[in-house]
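Working notes, structure below.
The values are calculated or read from the model by the stated rules, or taken from the named source; none is laboratory data. Because the structure is a prediction, the values reported are computed rather than measured. So basically every Cβ, Gly included, is an ideal-geometry build from the backbone, and we count neighbours across all protein chains shown. Accessible surface areas use protein heavy atoms only, side chains included; no ligands, DNA or RNA. Shrake-Rupley method; radii C 1.70, N 1.55, O 1.52, S 1.80 Å.
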Amino acid sequence: MAQPSDVNVDDLRRRARRRLVGAIVLAKVEQGEIDAAQLRRWLDQALTREDDRELFRLEVLAQKGAHTEG
């Protein structure tokens, strides 16, 4: 695991921006300014890791295809 001194300042800023944007988007969903169903569609399209999908209670991709077959 990288030590704090090894982490690039630009990487820290990028991570902080992502956290802030995520917090803003979630707040806008809670306030009804962003449609929760739209956010869920974005997440469903973007998330591929099983643990990420489980975090948002999305169907695991390996299972997703199995449900639609034959």
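Listed values, structure above:
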{"read-out": "Simple label model, 7 Å out from Cα along Cβ direction - Gln45 to Glu59, nm", "value": "1.8"}
{"read-out": "Accessible solvent surface per residue of segment 1-60, calculated while the other protein chains remain in place, 1.4 angstrom probe, Å²", "value": "86"}
{"read-out": "Sequence of Asp10, Asp52 when ordered by accessible area, the most exposed leading, probe 1.4 angstrom", "value": "Asp10, Asp52"}
